[in-house]
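Inspection log for the structure reproduced underneath, given as structure tokens.
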Number of protein chains: 2
Amino acid sequence: MDVLILTVGTELLLGDTLDTNSYYLSKKIRNLGFNLYKKVTVGDNTERLLKELRYYKDKYDLIITTGGLGPTKDDLTKETAIKALELEDEVEIHKLSLETVKEHFKGREEYLDLNMKQVMFPKNSIVLKNIKGTAPGALLIGKQNEKIAVLPGPPKEMKTMFENELEPILKKYSDSIIYSETVHIARLGESKVFDMISELFDKYTNPTIAPYFNDDGVFIRITAKASSEIEAKKIIKPVKEELYSILGDLIYAENGQSIEEVVKDLLEKEDITLMTAESITGGMIVSRLIDIPGMSEFIKESLVVYSDEAKVKYLGVSEQTIEKYTVVSEEVCKEMVEGLLKTYNCNLAVATTGYAGPDDEKAGLVYVGIGYKGKNYIKEYNIKGDRNTVRRKATRYAIENIRFAILDSRK
Amino acid sequence: MDVLILTVGTELLLGDTLDTNSYYLSKKIRNLGFNLYKKVTVGDNTERLLKELRYYKDKYDLIITTGGLGPTKDDLTKETAIKALELEDEVEIHKLSLETVKEHFKGREEYLDLNMKQVMFPKNSIVLKNIKGTAPGALLIGKQNEKIAVLPGPPKEMKTMFENELEPILKKYSDSIIYSETVHIARLGESKVFDMISELFDKYTNPTIAPYFNDDGVFIRITAKASSEIEAKKIIKPVKEELYSILGDLIYAENGQSIEEVVKDLLEKEDITLMTAESITGGMIVSRLIDIPGMSEFIKESLVVYSDEAKVKYLGVSEQTIEKYTVVSEEVCKEMVEGLLKTYNCNLAVATTGYAGPDDEKAGLVYVGIGYKGKNYIKEYNIKGDRNTVRRKATRYAIENIRFAILDSRK
């Protein structure tokens, strides 16, 4: 099935809104095994939109539009699609949608009139429920079986409607599916990962293997084309096993699980109380960990020790050590870790010290220390990038290293 | 000038890459006062790309493409644009680009051959330097004066090239500019701000006034069309003054300055040492503040007091208060603030306590407390949204309230 994505909205042309809708839909269309050769964006202009829809409706098996379903006079995508498909005579009130809208505006009947246009559909169309907003969508079907799906613009509404309503219908048209799994790599950069697994690229064509990276680290996507998800998983399994045999413990998670969740599971299994003493990362490590629900079992308190004095006062770091080695040093980081374990009620300690920049000569030099079960793991990093890149990467490394320390203690 | 943006890249159609390039260019085109009615995305497929370029080259005054300028055989945008403009016979080596590439690959001559295609341009074209990568771009000019600008795909390279090379050329074609300023609003939601300034919408047509919001709060954009930036600023000034007269201290910044920077300036002016005791926000407030360079002058240390025990131990919150009012209460928040000011070396205290969810019945109930110059400012919030929305919003409110407390102390 050949699909065209047509996003509608003047705000997209003015640069007010980043188009994440077509990004989301692109992935979905790929996973359904459909072809996407083109995406188009136009503004809230009926004439231009009509021209596009008329031009493309016979050239593609399905056009998916987003945006322009709201109650105001700017919102004309559905009406324009109906016109393009010449279905104006078949429009009627969709009773179920009317009831939903009535329910929604109970006691505020003045809004009902404004919203009446939202419940009018050609009788042959499949109305798509909107559980996150008031405007329903639809799969409109023309007399020559042309298909135009109209979805709302707000990403939350659009995604929920696509997943709950449109995707199940589209799955019936799909004879093969594209299914991906990802493995997440800690500690290594993209080129290093690439080197380690380069021989696999030629070895496999289905599934394909593609590394990519973002702020959370390096990922390897394994993508299979198959008749079903079960079949795809079968094809992916041996390749994933081969990745594990090459990368081992460097793989910290699969399929979207975050490093914080992995760490939380480990804290739970080992019954660990964790505490941080953060200088350069200044609360970012503990904050990212607390993002995970249920972390209160394992983190009771933590310290931000940004100044030298705070490192001395809270952690008993010796002033001599700071003087001799400077505050950004392996030695100070080690004393920070030891101070936490000695003075506070925790059995895993995390400490950071470093130069974030921008004006430090040594900006990017960071020490990340973990103390656990009698061992200290102090690592030096030289991180390239601006102040926030340095702080974010140091935070990620610290969280990754919590995992490595716990795994090491099991050996 | 009517412009078409044409982004090229199979990764954009597969949903691997979010198209931020066309978002960036949309804004730039708007600011130049040009018209953008349409954006198109196609894959790295010469045939389809050629079809698009041939179709659109006479319909628009300028097509701007991004992507497909690299050295590999997939990268065919420039070659295809040359073909669409029928300039194949006029291609020659661009000497300056050749020297740059030679310099770049010094000692690795094997790469030079691969990159030769990057230095070939029609003699009539304007070559655009790429200081962030190896592939130069170009403004290609056809025999009937059709214009196609080819820019690289990587956002850093594209943006730098646009700003340094293409924008100065395009400015010559612009007879009016679009210039915007923004004011940033604290404390209020979008609908409230909208209500307060609704009368201004009809009052002004140039400049126009548009409120919008994101995770950082509510913003009002004032946009003027004028012959020059000076002229535009003149038009905007009285409107901005009117906004200040309505919103007063609720406006915390203009034109992209962050609330953290505003707070830093205030800490500096008043010579304040700030300390946080964070429960629900768990380090996020102090971490966001430390994101701003130079904050080490004003923040020496901070506490994450996630458990009840930590609140008692570090801040002297009374167990009776916790028992009587629960740990998420105005009373506990107040004792947290007071404990910080009494026990630690700070003169502005920030404390948070709340339920982040997802499983708490009262998820979203948050108290944010500031203590400064003998006054406590304890505020209750009921924040809607998931765990991270609650934590992020509580963090923003806390940082906004630091500013309000300091402003209040000056009255």
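The values are calculated or read from the model by the stated rules, or taken from the named source; none is laboratory data. Just so it is clear, the structure is predicted and the values come from calculations on it, not from any experiment. All Cβ positions, even for glycine, are placed from backbone atoms using ideal geometry, and neighbour counts span all protein chains on display. Surface accessibility is based on the protein's heavy atoms, side chains included, excluding ligands, DNA and RNA. Shrake-Rupley method; radii C 1.70, N 1.55, O 1.52, S 1.80 Å.
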What is the number of the single condition among (1) within 14 Å of another protein chain (Cβ to nearest Cβ); (2) under 23 Å from B:Leu12 (Cβ atoms); (3) surrounded by 16 or more Cβ atoms within 10 Å (Cβ to Cβ) that A:Thr77 does not meet? (1)
Output for the stretch A:65-78, where each listed residue is in contact with a Ser or Thr (Cβ under 9 Å, 6 or more places away or on another chain) and either modelled with pLDDT under 90 or under 22 Å from A:Glu163 (Cβ atoms) (or both): A:Thr65, A:Thr66, A:Gly67, A:Gly68, A:Leu69, A:Gly70, A:Pro71, A:Asp74, A:Thr77, A:Lys78
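For a quick check of your reading: which strands (runs of 3 or more DSSP E) sit entirely within the stretch B:216-325 and have at least 1 residues that are open to solvent by 40 Å² or more (accessible area, probe 1.4 Å)? I'd like the intermediate steps shown before the answer.
Values: elements: B:217-226, B:251-254, B:274-278, B:301-305.
Those strands (runs of 3 or more DSSP E) span B:217-226, B:251-254.
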Has the stretch A:121-141 got at least one residue that is modelled with pLDDT under 90, among the basic types (Lys, Arg) and open to solvent by 40 Å² or more (accessible area, probe 1.4 Å)? yes
Looking at the stretch B:50-74 only, could you name the residues that are touching a Lys or Arg at 6+ places or on another chain (Cβ under 9 Å), more than 19 Å from B:Ile29 (Cβ to Cβ) and open to solvent by less than 30 Å² (accessible area, probe 1.4 Å)? B:Leu50, B:Gly68, B:Leu69
Selection within the stretch B:283-315 - without any contact (Cβ under 8 Å) to a residue 12 or more places away in the chain, more than 7 Å from chain A (Cβ to nearest Cβ) and either within 18 Å of A:Arg391 (Cα to Cα) or in contact with a helix residue (DSSP H, G or I) (Cβ under 9 Å, 6 or more places away or on another chain) (or both): B:Val312
Which residue is most open to solvent (accessible area, probe 1.4 Å), if the candidates are limited to the stretch A:26-41 and must be without any contact (Cβ under 8 Å) to a residue 40 or more places away in the chain and either touching a Gly at 6+ places or on another chain (Cβ under 6 Å) or in a helix (DSSP H, G or I) (or both)? A:Lys27
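Within the bounds of the stretch B:356-376, is there any residue that is of a type in the set (Ser, Thr, Tyr) and either under 20 Å from A:Lys300 (Cβ atoms) or part of a loop (DSSP other than H, G, I, E, B) (or both)? Before you say what the answer is, go through the steps one by one.
In the first step, residues of the stretch B:356-376 are kept if they are of a type in the set (Ser, Thr, Tyr); the result is B:367, B:372.
Next cut, either under 20 Å from A:Lys300 (Cβ atoms) or part of a loop (DSSP other than H, G, I, E, B) (or both) only: B:367.
Yes, some residue in the stretch B:356-376 is of a type in the set (Ser, Thr, Tyr) and either under 20 Å from A:Lys300 (Cβ atoms) or part of a loop (DSSP other than H, G, I, E, B) (or both).
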Only one residue in B:Glu90, B:Glu103 is more than 25 Å from B:Pro155 (Cβ to Cβ), at pLDDT 80 or above and open to solvent by 10 Å² or more (accessible area, probe 1.4 Å), so which one is that? B:Glu90
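From the list A:Lys334, A:Lys379, which residue is part of a helix (DSSP H, G or I) and away from every other protein chain (no Cβ under 14 Å)?
On the way: A:Lys379 fails: part of a helix (DSSP H, G or I).
Of the residues listed, the single one that is part of a helix (DSSP H, G or I) and away from every other protein chain (no Cβ under 14 Å) is A:Lys334.
Quick check, is A:Gly357 open to solvent by less than 20 Å² (accessible area, probe 1.4 Å), within 25 Å of A:Ile272 (Cα to Cα) and either assigned by TED's automatic domain parsing to the domain that holds A:Lys311 or in contact (Cβ under 8 Å) with a residue 40 or more places away in the chain (or both)? Don't jump to the end; show me each part of the working.
Working: open to solvent by less than 20 Å² (accessible area, probe 1.4 Å): yes; within 25 Å of A:Ile272 (Cα to Cα): no; either assigned by TED's automatic domain parsing to the domain that holds A:Lys311 or in contact (Cβ under 8 Å) with a residue 40 or more places away in the chain (or both): yes.
No.
For the structure I just gave you, tell me whether B:Asp44 is more than 7 Å from chain A (Cβ to nearest Cβ), in a loop (DSSP other than H, G, I, E, B) and either over 17 Å from B:Pro152 (Cα atoms) or touching a residue at least 60 places away in the same chain (Cβ under 8 Å) (or both). Explain how you work it out, then say what you get.
Details: more than 7 Å from chain A (Cβ to nearest Cβ): yes; in a loop (DSSP other than H, G, I, E, B): yes; either over 17 Å from B:Pro152 (Cα atoms) or touching a residue at least 60 places away in the same chain (Cβ under 8 Å) (or both): no.
Spelling it out, it is not the case that B:Asp44 is more than 7 Å from chain A (Cβ to nearest Cβ), in a loop (DSSP other than H, G, I, E, B) and either over 17 Å from B:Pro152 (Cα atoms) or touching a residue at least 60 places away in the same chain (Cβ under 8 Å) (or both).
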With respect to A:Val328, is the statement that it is farther than 30 Å from B:Glu309 by Cβ, open to solvent by less than 20 Å² (accessible area, probe 1.4 Å) and at pLDDT 95 or above true? yes
Specify which of the listed residues (A:Leu14, A:Leu36, A:Leu18, A:Leu32) is more than 7 Å from every other protein chain (Cβ to nearest Cβ) and hydrophobic (A, V, I, L, M, F, W, C). A:Leu32
Being assigned by TED's automatic domain parsing to the domain that holds B:Leu6, in contact with a strand residue (DSSP E or B) (Cβ under 9 Å, 6 or more places away or on another chain) and among the hydrophobic types (A, V, I, L, M, F, W, C) narrows it down to one of B:Ile131, B:Ile148, so name that one. B:Ile148
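Out of the stretch B:1-22, which residues are crowded, with 20+ Cβ neighbours inside 10 Å, of a type outside the set (S, T, N, Q) and part of a helix (DSSP H, G or I)? Let's see the steps before the verdict.
Here is the first cut: in the stretch B:1-22, the ones crowded, with 20+ Cβ neighbours inside 10 Å are B:3-9, B:12-13, B:19, B:21-22.
Pick out the ones that are also of a type outside the set (S, T, N, Q) and you get B:3-6, B:8-9, B:12-13, B:19.
Result: B:Leu12, B:Leu13.
In the stretch A:341-355, which residues are more than 13 Å from chain B (Cβ to nearest Cβ) and part of a helix (DSSP H, G or I)? Give the steps one after another, and end with the answer.
First pass over the stretch A:341-355, keeping only residues more than 13 Å from chain B (Cβ to nearest Cβ): A:341-342, A:347-349, A:351.
The answer is A:Leu341, A:Lys342.
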One residue is enough: does the stretch B:360-369 have a residue meeting the conditions under 30 Å from B:His184 (Cα atoms), surrounded by 20 or more Cβ atoms within 10 Å (Cβ to Cβ) and out of contact with any Phe, Trp or Tyr (no Cβ under 9 Å at 6 or more places or on another chain)? no
Let me spell it out: the conditions are (1) more than 20 Å from A:Ile177 (Cα to Cα); (2) in a helix (DSSP H, G or I), and A:Leu69 meets all of them except one. Which number is the exception? (2)
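Residues B:Ala363, B:Ala398: which one is within 14 Å of chain A (Cβ to nearest Cβ), of a type in the set (Gly, Ala, Ser) and under 29 Å from the mean Cα position of the chain (by Cα)? Walk me through how you get there before you give the answer.
Details: B:Ala363 fails: under 29 Å from the mean Cα position of the chain (by Cα).
Of the residues listed, the single one that is within 14 Å of chain A (Cβ to nearest Cβ), of a type in the set (Gly, Ala, Ser) and under 29 Å from the mean Cα position of the chain (by Cα) is B:Ala398.
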